[in-house]
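Structure, as structure tokens:
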Number of protein chains: 2
Amino acid sequence: MGPRERREREKEVLRQEILDAARELFVKEGYENVSMRRIAEKIEYSPTTIYLYFQDKAELLYHLCEETFAKLVKTFESFEDNSDPLNCLRRGCRAYIDFGLKYPNHYRVTFMLPREGGEKRERFLQEKSMGRQAFNHLRSIVEECVRQNKFRRVDVEVTSQAFWAAIHGVTSLLITKPKFPWAEKNKLINFIIDTMIDGLKA
Amino acid sequence: MGPRERREREKEVLRQEILDAARELFVKEGYENVSMRRIAEKIEYSPTTIYLYFQDKAELLYHLCEETFAKLVKTFESFEDNSDPLNCLRRGCRAYIDFGLKYPNHYRVTFMLPREGGEKRERFLQEKSMGRQAFNHLRSIVEECVRQNKFRRVDVEVTSQAFWAAIHGVTSLLITKPKFPWAEKNKLINFIIDTMIDGLKA
């Protein structure tokens, strides 16, 4: 490895270290209560160093969310060869929930934290953001279900948002309420996905 | 009003003031980051006074949640004269979501905050807690839907948890992601409830 490559790699490692520290602190102490200085302290760097990587806290949060969405998109893509869109939807929903339960801090930061207002958050909605891409993945599977008459002629946008709400609901409750006397989790998760699908069948 | 009544009333007013301050601070700064002292400061009383009403922070949180659940139970009860259990379920789900959107801080404190472990949280699960009562309300409506053959012979417990997850999902996403390009909210909310119901029909 040449010195330039080594330097690039070191930068990438530090960047990831900052992201990991920020994610943990945002979840534990709340986004509003964490300063760039606090994140720097945690990984024992100067705030100045952190600012070389992320211009401010909102930028950091944006990249944390993009990281989560990128992981989700990758998972969705692994199902693309599947020819039955219903099966694809079922597996995609299941993968989303499993992802949230496996990486609760990623999930919390991206989908559950209250967040300050301002323009930065608009970036989540831009066409090219990973967040938008992740949602569009879900949307295109739903669209295919309608096109192949697996679903009634429902509104694709509303249906996609409804699926997102349903799978977010079970993921976030299982994370937030671990002591509730839940039914067997596997059964509950599959039941929600199947009920939504059955409710839309042609 | 006699002096004793007046004193009782003053106590009730202060108790509510403490609850309101705690709810606001827990949501804004995170449960873990708020001390009893901080709550006392906010309403300009001494911490000692607050401790006369609530023995600790967990006790305060418990009562905040009970307050939310009590409001929910009251809403559910107002639909009890309705003879069609499907309609009752539809209206109950709708009322739950409307409640969350109308009182986002009550909703956040009760259903969305990460929470420390420990024994106190077990109290939410006790048979007589308002939380359990609220869930049991939902459960009894679902049970009635199965009994009257409005639903297939589904597992009542799993189905009730699935409904809770679905309505929690849309409520919490609408609270957390106000800038997402949602479909018309009314349409989205009704669509989720109707899809779940359709997916369970006999």
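The values are calculated or read from the model by the stated rules, or taken from the named source; none is laboratory data. What you see is a predicted model, and the numbers here were worked out from it, not measured in a lab. Here Cβ is always computed from backbone atoms with ideal geometry, including for glycine, and neighbour counts include all displayed protein chains. The accessibility values were calculated without ligands, DNA or RNA, using every heavy atom of the protein model including side chains. Shrake-Rupley method; radii C 1.70, N 1.55, O 1.52, S 1.80 Å.
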For this session: Within region A:46-62, work out how many residues are over 21 Å from B:Asn33 (Cα atoms), crowded, with 18+ Cβ neighbours inside 10 Å and more than 14 Å from chain B (Cβ to nearest Cβ).
Result: 3
For this session: Return the residue satisfying two criteria in turn: it lies in region A:150-175 and is among the β-branched types (Val, Ile, Thr) and free of Cβ contacts under 8 Å to residues at least 40 places away in the same chain, and of such residues it is least open to solvent (accessible area, probe 1.4 Å).
Result: A:Val158
Exercise. Any idea which of B:Glu32, B:Glu8 is part of a helix (DSSP H, G or I), in contact (Cβ under 8 Å) with a residue 24 or more places away in the chain and of a type in the set (Asp, Glu)?
Worked result: B:Glu32
For this session: Return a yes/no flag: does region A:86-94 have any residue that is in the same structural domain as A:Tyr31 (by TED's automatic domain parsing), over 12 Å from the mean Cα position of the chain (by Cα), open to solvent by less than 20 Å² (accessible area, probe 1.4 Å) and modelled with pLDDT of 90 or more.
Result: no
Problem set entry | Residue list for region B:56-73, filter: of a type outside the set (A, V, I, L, M) and in a helix (DSSP H, G or I) | B:Lys57, B:Glu59, B:Tyr62, B:His63, B:Cys65, B:Glu66, B:Glu67, B:Thr68, B:Phe69, B:Lys71
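For the condition over 25 Å from A:Ala134 (Cα atoms) and surrounded by 16 or more Cβ atoms within 10 Å (Cβ to Cβ), what is the one hit in A:Ile18, A:Ile39, A:Ile43, A:Ile97?
Being over 25 Å from A:Ala134 (Cα atoms) and surrounded by 16 or more Cβ atoms within 10 Å (Cβ to Cβ) holds for just one of A:Ile18, A:Ile39, A:Ile43, A:Ile97, which is A:Ile39.
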For this session: Would you check which residues across region A:170-189 are closer than 13 Å to A:Leu101 by Cβ, within 7 Å of chain B (Cβ to nearest Cβ) and assigned to a helix (DSSP H, G or I) and list them?
Result: A:Val170, A:Ser172, A:Leu173, A:Thr176, A:Leu188
For this session: Name, by its number, the condition in (1) open to solvent by 20 Å² or more (accessible area, probe 1.4 Å); (2) more than 7 Å from every other protein chain (Cβ to nearest Cβ) that does not hold for A:Cys145.
Result: (1)
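For the structure I just gave you, tell me whether B:Arg132 is open to solvent by 50 Å² or more (accessible area, probe 1.4 Å), more than 7 Å from every other protein chain (Cβ to nearest Cβ) and more than 25 Å from A:Arg153 (Cβ to Cβ).
Against the criterion (open to solvent by 50 Å² or more (accessible area, probe 1.4 Å), more than 7 Å from every other protein chain (Cβ to nearest Cβ) and more than 25 Å from A:Arg153 (Cβ to Cβ)), B:Arg132 does not qualify.
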Exercise. Hey, among the residues in region A:100-125 that are at pLDDT below 85 and in a helix (DSSP H, G or I), which one's surrounded by the most Cβ atoms within 10 Å (Cβ to Cβ)?
Worked result: A:Phe124
For this session: Report whether or not B:Thr176 is at pLDDT below 95 and under 19 Å from the mean Cα position of the chain (by Cα).
Result: yes
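Can you give me the number of residues within region A:37-68 that are under 23 Å from the mean Cα position of the chain (by Cα) and not small (Gly, Ala, Ser)? Show your work before the answer.
First, pick out the residues of region A:37-68 that are under 23 Å from the mean Cα position of the chain (by Cα): A:39, A:53-68.
This time we only want the ones that are not small (Gly, Ala, Ser), so: A:39, A:53-57, A:59-68.
Residues that pass the stated criteria total 16.
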Problem set entry | region A:2-33, residues that are in contact with a Lys or Arg (Cβ under 7 Å, 6 or more places away or on another chain) and hydrophobic (A, V, I, L, M, F, W, C) | A:Ala21, A:Leu25, A:Val27
Exercise. Going by the structure shown, is A:Arg152 more than 9 Å from chain B (Cβ to nearest Cβ) and touching a Leu at 6+ places or on another chain (Cβ under 9 Å)?
Worked result: yes
Exercise. On the given criteria, is A:Asp194 without any contact (Cβ under 8 Å) to a residue 24 or more places away in the chain and surrounded by fewer than 17 Cβ atoms within 10 Å (Cβ to Cβ)?
Worked result: no
